[in-house]
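The values are calculated or read from the model by the stated rules, or taken from the named source; none is laboratory data. All figures in this text were calculated on a predicted structure; none of them were measured in a lab. For neighbour counting, all protein chains shown are included, and Cβ atoms are generated from backbone atoms with ideal geometry for every residue, glycine included.
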Amino acid sequence: MPTSDYDPACLPDLLPLYYRRLFPFSQYYRWLSYGGVSKNYFQNREFSFTLKDDIYVRYQSFTTQNELEKEMQKMVPYKVDIGAVYSHRPSQHNAVKSGTFQALEKELVFDIDMTDYDDVRRCCSAADICSKCWTLMIIAIRILDRALREDFGFHHLLWVYSGRRGVHCWVCDDAARKLSVAARSAVAEYLSLVKGGEETLRKVVLSDPIHPFINHSLSVVERYFQQYAIVEQDILCSKESVDKVLSLPIPVKFHNSLCQFWYHIKKYWKYLSCSHNIKKGGQYFDKEIMLQYCYPRLDVNVSKGVNHLLKSPFSVHPKTGRISVPIDLKELNTFDPFEVPTISLICEELERPRADEAEEDDVKDKENEQEAGERRRIRDYKRTSLAKYVKVFDRFLEAMARSWKGEMLKKSGELETSFSVFLTFMSFTYT
Amino acid sequence: MQFSGRRKKLIGNFQNDLYDQCLQFYGQPPLENISLTEFETFAVERLKLLKTVENVGVSCVKNSEQYTKKLDAEISSLNFPHRGGISEYEKRRKDHISHFILRLAYCQTEDLRRWFIQQEMDLFRYRFNCLHSKHKTDFLHKNNLKYETVSAEEKKNLKDKLIASSYGLSGTKVEEHDVYKVPFQDALDLVRTRKVYLLAGNAYIPHHEIVTIVLNDFRTRLSKALAMTARSLPAVQSDERLQPLLSHLSHAYVGQDYSIQKNIGKISLEQIDALSGKSFPLCMRHLHKALRENHHLRHGGRMQYGLFLKGIGLTLEQALQFWRSEFVKGKVDADKFDKAYAYSVRHMFGKEGKRTDYTPYSCMKVILSNPPSQGDYHGCPFRHSDPELLKQKLQNYKVSPSGINQVCPTTSTHLTRFSTVCVKGFLKLNLVEDAGFSLNHPNQYFTESQKFLSGGRDIKKEVDMSQRSQENPASVTHPSQANSKQAHEEMGDLDSFFQDE
């Protein structure tokens with residue numbers, strides 16, 4: 001496994017190298033400028049940094065890519081968060097008349113955190129994850145990605161591994177960025193099925209008729225349930241865990257037969273879902289159980305707020321050292337969170353000498369500093385395990401760029417049309 | 001002849017264009033000159049209409065048959081458009097103008113805005129539901145609501161999904177009625193609860209649900225408009241002709257003011273104790289009790305109770321005797337009473353100073369002005385009492401727990417809701433389903449109660465026109481004789497509750 005041992009104590013040494021030579025600033029800037037369709041979009045964006053010794057600073061903003069780079073290289077943040085695009089430059093928010101400084105737009109975001117599933121996973125708890133419970137993330141991504149695209153009509157979704165125990169989704173469509181708080185919370189609630197805290201046993205309640213969204217989600221869950229719950233989580237392995245399953249409302253008459261039945265369930269799981277002879281309430285108990293074990297659990301509060309700050313892609317996770325990398329959905333089934341490069345790994349990979357590059361360096365010395373720096377950086381990350389993840393990001397940007405072009409054409413088209421109308425009008429008045 | 005004929009034609013065309021629809025979103029303000037009289041009349045009439053909307057909405061289930069019938073009757077009697085008749089121009093004009101006038105009066109505070117928006121929404125919903133399906137679609141299109149109808153083919157393809165997502169939608173309904181495609185941002189309530197089918201960012205809304213969407217739109221527009229109106233209000237208020245009217249409107253009580261007593265001298269002082277248990281609203285019962293116990297009431301209490309007593313028919317002489325006899329039992333001797341307090345009693349009756357014949361306070365006035373502080377007994381108990389205490393009282397009124405929660409004041413309870421609770425007491429006491437009146441004034445409570453107890457109500461009595469503005473047609477469900485026995489028993493309960501206080 002190509003993972004260097006990561007030691008948090010090394011961060012102060014690794015981070016400067018990372019920000020100088022590896023962090024993909026130009027793609028990052030390209031993303032957050034959104035093609036320049038809206039003025040000052042990048043300039044009015046809030047960033048927040050967590051510095052050494054847990055010092056937290058908000059309302060950071062930058063006027064150019066260069067300024068962003070210089071600042072990050074200077075401050076060397078341990079964590080970077082992205083906030084909203086405001087009405088004014090966040091760094092000058094104190095100078096603005098109170099009440100007029102407002103969050104205007106932001107991507108619609110979702111945060112799926114593994115700790116929210118602790119009541120239904122037996123392999124790990126709290127901050128730990130393993131390949132067994134990682135399946136939950138795959139299920140979550142598949143369900144939410146489909147719903148956001150097909151039901152809500154969004155196109156530009158960036159899924160990012162958080163670096164430790166979850167995934168984030170950034171919905172970057174223009175319409176998504178302009179959503180109100182009420183709309184964001186409505187979307188999040190539409191997507192929520194698992195409700196209730198410690199005290200609630202039965203967290204999923206289904207009733208007739210079953211909404212198409214739930215049916216879609218169920219088909220995803222069903223695909224994975226057998227493998228995940230029965231094999232990996234082994235929810236039927238011990239009386240204790242079977243009891244836990246049985247504590248969910250199952251019509252009593254099934255209990256006895258279930259106990260015996262379920263010990264053999266690995267073979268006969270399918271028959272449960274075919275039991276049509278259950279008439280009253282709890283008729284969907286099998287579906288409810290599957291959903292309770294597997295359906296994505298989102299934190300509505302993260303999605304609701306326009307000004308909510310969320311960990312930035314390509315930020316480093318201080319505890320694990322892993323980079324928050326974009327996830328390629330085409331390779332989702334083979335995505336392994338333990339293969340995600342750590343900062344120590346990529347820094348080490350960077351240091352490995354590559355003979356053929358020494359000459360290129362000399363030739364390009366004549367270019368201006370920034371271009372040279374960028375070119376070097378592009379060469380640099382390409383040498384590391386970070387490369388493939390930056391490619392995912394590039395593809396995501398390209399798809400968006402096509403829509404920006406459309407926007408710009410529309411805008412210039414409007415100008416042209418109104419100008420020609422004006423000319424026509426003028427010609428009439430002078431006739 | 002020719003000349004006037006032509007003029008008629010012109011007006012006809014103008015009418016057709018300006019008010020061609022029965023219902024409107026009130027997007028454009030009216031642009032004509034009107035007289036101050038019309039200004040005032042229109043405003044007051046619309047206010048009556050909105051209050052009726054509120055009262056009917058409280059006493060009947062919204063959109064039920066009863067509700068529709070009652071509103072129908074009120075709207076026609078007040079001369080507002082609703083069912084799209086042919087010669088509705090004048091009514092529609094009044095509708096248009098009166099709405100905008102009331103915006104001026106109701107934009108100033110959060111409470112007022114909320115009340116106004118709520119009633120206007122209920123009125124709008126009622127009128128929208130009265131429209132024919134075709135007119136509904138016309139209305140939507142005319143108002144730029146980009147709600148496309150889904151093609152028959154698409155409906156067929158999506159039929160199962162539509163049925164599985166929308167409440168009350170069957171296969172036939174999908175085929176026969178329109179389904180609208182609406183951007184999901186305009187249907188958040190349905191999206192949030194997953195009660196609608198979503199595809200590619202559009203919500204597929206069946207015909208019967210479209211009104212919810214339209215209402216949301218209406219509310220948003222009106223809310224924004226009111227905020228804007230509030231900003232330009234100072235300019236309007238500086239017009240001296242309008243300012244008094246506008247401030248009067250927002251606190252308006254539009255019923256009888258009990259300044260002209262019909263029953264002067266018909267009440268004797270000995271009757272007051274008994275009457276207070278039977279026919280006084282809770283606020284006055286409180287005041288009376290406090291007066292009897294403490295032999296004193298402070299100014300606020302004296303005003304509220306004293307004017308009420310005047311309203312039920314006490315003469316000046318009786319009032320003086322009443323107050324003196326009570327105060328003398330306390331710390332005030334006859335001399336001091338004559339010097340200090342008698343003056344204010346005479347003042348109440350308009351015999352001193354400006355000689356203003358003060359009118360008894362309406363519920364709105366009791367609730368809004370002069371909140372009680374320590375040592376006071378005036379105000380509205382539903383508004384000013386401690387919540388826990390109030391809950392107990394309501395329980396004693398035998399209001400159900402859900403009812404208590406419904407009517408117990410919260411921070412968002414509007415001022416006019418308090419009187420509905422007071423009426424509930426009347427309902428329980430007299431064992432009627434429908435009080436047959438909406439409470440706006442303590443003296444009204446007294447009059448209604450007295451009327452009821454004296455058996456003056458017949459089932460489905462037709463109320464004469466002059467009374468219309470304060471009462472809805474009575475509809476008592478039990479014959480009065482059987483009632484009085486039960487009423488006595490109930491009263492016993494009520495009395496004992498009061499003793500525990």
Given the condition closer than 24 Å to B:H248 by Cα, in the same structural domain as B:H441 (by the TED database), crowded, with 18+ Cβ neighbours inside 10 Å and basic (K, R), answer yes or no: does some residue in the range B:341-362 qualify?
no
Out of curiosity, is A:A140 within 14 Å of chain B (Cβ to nearest Cβ), of a type outside the set (D, E, K, R) and assigned to a helix (DSSP H, G or I)?
no
Matching helices (runs of 4 or more DSSP H) fully within the range A:314-429 where at least 1 residues are modelled with pLDDT under 75 and surrounded by fewer than 18 Cβ atoms within 10 Å (Cβ to Cβ)
A:357-363, A:369-382, A:387-429
Any chance the range A:155-173 includes a residue that's modelled with pLDDT under 95 and within 13 Å of chain B (Cβ to nearest Cβ)?
no
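Given B:K94, B:K51, which one is assigned by the TED database to the domain that holds B:Y19, in contact with a Pro (Cβ under 9 Å, 6 or more places away or on another chain) and part of a helix (DSSP H, G or I)?
Result of the check over B:K94, B:K51: B:K94.
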What are the residues in the range B:158-175 that are under 12 Å from B:H208 (Cα atoms), surrounded by fewer than 17 Cβ atoms within 10 Å (Cβ to Cβ) and more than 12 Å from chain A (Cβ to nearest Cβ), if any?
B:K173
Can you name the helices (runs of 4 or more DSSP H) wholly within the range A:1-102 that have at least 1 residues being of a type in the set (K, R) and at pLDDT below 95?
A:11-21
Looking at the range B:306-337 only, could you name the residues that are touching a helix residue (DSSP H, G or I) at 6+ places or on another chain (Cβ under 8 Å), part of a helix (DSSP H, G or I) and over 20 Å from B:M284 (Cβ atoms)?
B:V328, B:A334, B:F337
Could you say which residue among B:F39, B:F100, B:F80 is surrounded by 14 or more Cβ atoms within 10 Å (Cβ to Cβ), over 20 Å from B:R127 (Cα atoms), of a type in the set (A, V, I, L, M, F, W, C) and more than 14 Å from the chain's Cα centre (by Cα)?
B:F39
Determine the pairs where a residue that is among the charged types (D, E, K, R), located within the range A:178-189, has a partner that is part of a helix (DSSP H, G or I) with Cβ atoms under 6 Å apart, the partner being 6 or more residues away or on another chain.
A:R184/A:S303; A:R184/A:K304; A:E189/B:R192
Looking at the range A:282-309, I want the residues that are under 27 Å from A:S87 (Cβ atoms) and have a partner that is part of a loop (DSSP other than H, G, I, E, B) and small (G, A, S) with Cβ atoms under 7 Å, at least 6 apart or on another chain. Which pairs are those?
A:V300/A:S192
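Taking the range B:368-392 on its own, how many of its residues are of a type in the set (A, V, I, L, M, F, W, C), surrounded by 12 or more Cβ atoms within 10 Å (Cβ to Cβ) and over 16 Å from B:R302 (Cα atoms)?
Qualifying residue count for the region: 3.
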Which one is surrounded by the fewest Cβ atoms within 10 Å (Cβ to Cβ), of the residues in the range B:189-202 that are under 34 Å from the mean Cα position of the chain (by Cα) and without any contact (Cβ under 8 Å) to a residue 12 or more places away in the chain?
B:T193
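Which residue is surrounded by the most Cβ atoms within 10 Å (Cβ to Cβ), if the candidates are limited to the range A:190-200 and must be at pLDDT below 95 and either facing chain B (nearest Cβ under 10 Å) or more than 29 Å from A:K287 (Cβ to Cβ) (or both)?
The qualifying residue surrounded by the most Cβ atoms within 10 Å (Cβ to Cβ) is A:L193.
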Hey, can you tell me all the residues within the range A:174-189 that are within 30 Å of A:I323 (Cβ to Cβ), within 11 Å of chain B (Cβ to nearest Cβ) and crowded, with 18+ Cβ neighbours inside 10 Å?
A:A176, A:L179, A:R184, A:V187, A:A188
Quick check on the range B:207-222. Is at least one of its residues crowded, with 16+ Cβ neighbours inside 10 Å, within 13 Å of chain A (Cβ to nearest Cβ), modelled with pLDDT under 90 and farther than 16 Å from A:R184 by Cα?
yes
